[in-house]
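The values are calculated or read from the model by the stated rules, or taken from the named source; none is laboratory data. Everything numeric in this text was worked out from a predicted model, so none of it was measured. Cβ atoms come from the backbone with ideal geometry, glycine included; neighbour counts cover every protein chain shown.
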Amino acid sequence: MDKFWVVFKNEYSQVVQKKSFIVGILLTPILMGSFILLPSYFARKTASNTEYLAVVDQSASKIGEGFVSSLEQYKLEDDQTQQYIVDTLITIHRGDTAEYNRIIDSLKTALNNDEIKYIMIFKSGVEMADSNMLLISNAEGIRTVNRFEKEISKIASTLRLENSNVNLSVDSVLALTRRVTLPQQDAKGESVDFGTKWFASMMFVMVIYFIIIGYGQVIMRSVIEEKSSRIMEVLVSSVTPFQLMLGKILGLGGATLTQLFIWIALGLLVYAGSGALAMNIDPAVAHVAFNPLVLVFFALFLIFGYIMFSTLFALVGSLVNSDKEAQNYIFPVTMLLVLPFIIGISIIQEPNSNMARYMSMIPLFTPTLMMMRVIFIAPSATHYSFFSGILGEATLAFILLVLTTLLIIWVSARIFRVGILMYGKRPTLAEIVKWVRY
Amino acid sequence: MYLVLENIRKTYDTKVAVESLSLSVPKGVLYGIIGPNGAGKTTTIRMIMNIIAPDSGQVIFDGKPVDKTFVDRVGYLPEERGLYKKMTLREVILYMAELKGCKPAAAKGRIMPWLERMGLEAYVDKKVEELSKGMAQKLQFVTTILHEPEIIILDELFSGLDPLNVELMKNVLLEQKRAGKTILFSTHVMEQAEKLCDFICMISRGKKVLDGKIGDIKAKFGKNAIQVEIEGDGSFIRSLPGVSAVTDYNNYHELRLAANANPHSILKQIIERVTVRRFELVEPSLYDIFIDIAKVDPSEVEKPKEAANG
C-alpha cells in the first residue's frame, strides 16, 4: 500500500505543478462561460449589415407594396439605417410569362453576383395558397425568413378578412385568436421551466464529460510514455501493476478534485460578490442546481464515472505503443461517452419513461444519463425514498456503477499487467481474453 | 548461496529463449553473465526480476523464493533505458528511490553526493530531457543504486558509455562490492567481464555452457595460448605444426596450441620467416574459451578489440 501512495503522490504533484494545470483552472470557467453566453449574445445582437432584396409582384392586390413598406420597421443596430433595402420592386402583368422569365433570370444573376440577397415573388392569391409565393436566396437567414413570414401573414390575413364577412381589424383578430401558454409549477410550488432544467443538466453533465475525457487521455498518454520510454520495466520491478494503475488513476483524480474545489471556491466567491452587488441568481436555477440530491449525486457520479473511464483509458494505454495507435482503440471508449448525449435528448423529453429508466441504469451511461434524470426529477419531488422514485433509482444505479467499476478495474489490471510489457506488436482480442483468464 | 536459479526455462511461442538454466551467485561478488547478443541474458535477468515468469524452475534469493520483499532489496538497471523526460533529476531520483521503499529524508541526502560523483551536480534541477544520452545513462545508474540495495542487477551496463565513463562505473562497482554488495551484470563484451568479474556464467543460445570462478576457468583451460607480435605477413602461422587455431587481432596474433605442442619450436619457425617483436605465453581469453566451448561460429560473437573500452 505504501507504494501506491508513492505513485499517487508523484502523479498528483506532477500534474498540480504544471503550468497547464493553473492555466486550466483559470481558463476553463472562462471558456465554459463563453460557451453559455456567446451564442445568446450573438443571437440577441441585431444585424450589422444592410441586405438588399428584389420584389417581383404579379398579384392584382399589390401585395408587394404592402410587404415593402412593412419592412421599414426593421433597423440595424444603430437604430437609424434600414436593414432591408428593396433594390427593385417590379410589377408584372400576370399573363406575361416571357417577361416574367426574363426578369427572374436577370435577378438570379444579380443574386449570384451578391448584388442582392433575396428575391421575393408574389403571384395572385397569396391569401389563398402558400404556393402562390416564393423566396429565392442562396444564404437565407432564419430570422429574416421568420420576419417575412410574419409580415406576409399579416397581409394575407388582412386580405382574407376583407374577403369575409367579419368586420374587424387584423390586430383585433390576432388578439382574439392568441395561443395560450400553459403556466407550470412543480409539486413544491416552484415554477421551473424546461429550459432551466435543460440548461442545468447540460452544465453538470458537461463537467462530468470534460473531466472524464480530459483526464482519461492524460492517464492514457502517461501510460504510453512509460511504455515507450521503457520506464515501465523499472516500475514493474518496484511496484505491482495494480498499485501502479490505481496510483495513477487516483493521483490524477486527486488533482481533478483539487481543480473542482478551486472552481467551487471561486464560484462561491463570485456568488458572494454578486450578492453584495445585489445581482440575484435566478431562483429557478438555484432551485435546480443547489438541490442537495443533485449535488450529492453529481459528486458520486463524477468520482466513480471518472474512475471507471480512466481505468478504460489506462487499459487502452497499456495495449498500444504510441498516441497514434491509441486512436483506434480510443474510439469505442469515446463512443461510450458520446452516446448518452444522443440518448439524452429523448430522456430529457420523457425523464420517467421506461426507456429512460433502463438506459440510465446501464453503468457505463449512469454518470451522464442518471445525472440528467436526477436534475430533471429530483428538485421537484416532495417525497424521497431509497426504495422507490428517483432517489431509489439513482441509488441503485450508483451501486451498479460501483460494482461495475470494481469489475472493470479487476479485468483491466489483469490485461494491464501483461500489456505494459508488450512492445512492438499490438495484441489480438484473443490474446487479451487469454490474459484476463491467466 | 545468495541468489540461485534452479532450472529456469522460458519459451516464446516455439523459440526457446532460456533452457533449464541453473546458476548460483555467492554473496558479495561481482558476477558476470556473458554471451553473444540473443543468447538469453536479458530474458534470464527479467526472470530474476520477476518481470516475466519462467515456464518452469524457480529463483531463490537469500534462501527463499523471490517474493514482493525482493523488489526493495534489489537495484535493477534494464537493458532498455528510459526515465521521465519532463521531471527534474532530483524528482526522478527521489521518485525511483521511494518506489524502492527508501524514506524520502534518507534519499534526499544521497542525491547530491551521487550526482557529484557522476559529474551531474549542475543538472540537479534541470529536466531529464536536457541530458545527453551518456548523462542519462549515468543518472539511471544513480536511480538504480540510490536506495542502497543489497544486490545490484545490471543489464548491459556499459553499452553506450565512453571509456572514461566505463572506468567510472567500474570503480563504483568495485566500491559497491567492497561495501559487501552483490553485483550481477550481463555483457556481450567479454573483455569487460574478464577484467571485472569474480565469477562468470557463459550462456549461448539459451543454454549455460560454462560457469565458475574466473581464475578456475582460466586455470582449467591452461596456458595453451601464445600471443605473438610480428613484422610482415603472418598468414603462414596458421599452417605451422602444433597450432590449432589463430585469431588475427591486426596488431598481434593469438595462437591456440594443440595438445603436446612445443611453444619453443613454434617460436623458432616464426623467427625464421619474420621479425618477432613480442612472444608471450598467455592464458586464453574468455573469448577464446567461449568460442572453443560453445562451439559457435566466431562471427556470432563480438571479438575483443585492441584498446577497446578501458
Please determine whether any residue of region B:1-16 is outside any loop (DSSP other than H, G, I, E, B), within 14 Å of chain A (Cβ to nearest Cβ) and either in contact with a strand residue (DSSP E or B) (Cβ under 6 Å, 6 or more places away or on another chain) or of a type in the set (A, V, I, L, M, F, W, C) (or both). yes
Tell me which residues, restricted to region A:218-234, are free of Cβ contacts under 8 Å to residues at least 60 places away in the same chain and in a helix (DSSP H, G or I). A:GLU225, A:ILE231, A:VAL234
For region B:66-106, which positions are farther than 26 Å from B:VAL124 by Cβ and at pLDDT 90 or above? B:ARG73
Is there a residue in region A:193-206 that is more than 26 Å from the chain's Cα centre (by Cα) and without any contact (Cβ under 8 Å) to a residue 12 or more places away in the chain? no
Given the conditions (1) within 14 Å of chain B (Cβ to nearest Cβ); (2) among the hydroxyl-bearing types (Ser, Thr, Tyr); (3) touching a Gly at 6+ places or on another chain (Cβ under 8 Å), every one holds for A:SER238 apart from (3)
Taking A:VAL170 as the residue in question, decide whether it is surrounded by 13 or more Cβ atoms within 10 Å (Cβ to Cβ) and β-branched (Val, Ile, Thr). yes
Considering region B:69-83, residues that are without any contact (Cβ under 8 Å) to a residue 60 or more places away in the chain and more than 7 Å from chain A (Cβ to nearest Cβ), and then whichever is farthest from the chain's Cα centre (by Cα), we arrive at B:THR69
What's the number of the condition B:GLY119 fails, among (1) under 23 Å from the mean Cα position of the chain (by Cα); (2) away from chain A (no Cβ under 12 Å); (3) of a type outside the set (Ser, Thr, Tyr); (4) assigned to a loop (DSSP other than H, G, I, E, B)? (1)
Please count how many residues of region A:16-32 are within 11 Å of chain B (Cβ to nearest Cβ) and either part of a helix (DSSP H, G or I) or under 29 Å from the mean Cα position of the chain (by Cα) (or both). 1
Condition first: loosely packed, with under 15 Cβ neighbours inside 10 Å and either more than 16 Å from B:LEU146 (Cβ to Cβ) or in contact with a Pro (Cβ under 8 Å, 6 or more places away or on another chain) (or both). Now tell me which residues in region B:120-135 satisfy that. B:ALA122, B:ASP125, B:LYS126, B:GLU129, B:GLU130, B:SER132, B:LYS133, B:GLY134
Say whether the condition of being over 31 Å from the mean Cα position of the chain (by Cα), small (Gly, Ala, Ser), assigned to a helix (DSSP H, G or I) and surrounded by 15 or more Cβ atoms within 10 Å (Cβ to Cβ) is met by at least one residue in region A:237-244. no
Of the conditions (1) within 30 Å of B:ILE52 (Cα to Cα); (2) part of a helix (DSSP H, G or I), A:MET422 satisfies every one except a single condition; which number is it? (2)
Kindly check whether there is at least one residue in region B:26-34 that is in contact with a Ser or Thr (Cβ under 8 Å, 6 or more places away or on another chain), more than 14 Å from every other protein chain (Cβ to nearest Cβ), among the hydroxyl-bearing types (Ser, Thr, Tyr) and part of a strand (DSSP E or B). yes
A:SER191 - would you say it is over 25 Å from A:PHE67 (Cα atoms) and outside any helix (DSSP H, G or I)? yes
Quick one: what pairs do we get from region A:70-99, first residue over 23 Å from A:SER153 (Cβ atoms), second aromatic (Phe, Trp, Tyr), C-beta under 6 Å, 6+ apart or different chains? A:ASP87/A:TYR52; A:ILE92/A:TYR100
With respect to the numbered conditions (1) farther than 30 Å from A:LYS18 by Cβ; (2) within 14 Å of another protein chain (Cβ to nearest Cβ); (3) free of Cβ contacts under 8 Å to residues at least 60 places away in the same chain; (4) not in a strand (DSSP E or B), which one is the sole condition not fulfilled by B:PRO54? (2)
Quick test for you: out of A:ILE211, A:ILE219, A:ILE224, pick the one residue that is closer than 16 Å to A:LEU337 by Cα, more than 9 Å from every other protein chain (Cβ to nearest Cβ) and out of contact with any strand residue (DSSP E or B) (no Cβ under 8 Å at 6 or more places or on another chain). A:ILE211
If you take the residues of region A:348-376 that are out of contact with any Ser or Thr (no Cβ under 7 Å at 6 or more places or on another chain) and among the β-branched types (Val, Ile, Thr), which of them is nearest to A:THR404 (Cα to Cα)? A:ILE362
Residue that is surrounded by the fewest Cβ atoms within 10 Å (Cβ to Cβ), among those in region B:84-108 that are more than 9 Å from chain A (Cβ to nearest Cβ) and touching a His at 6+ places or on another chain (Cβ under 9 Å): B:ALA106
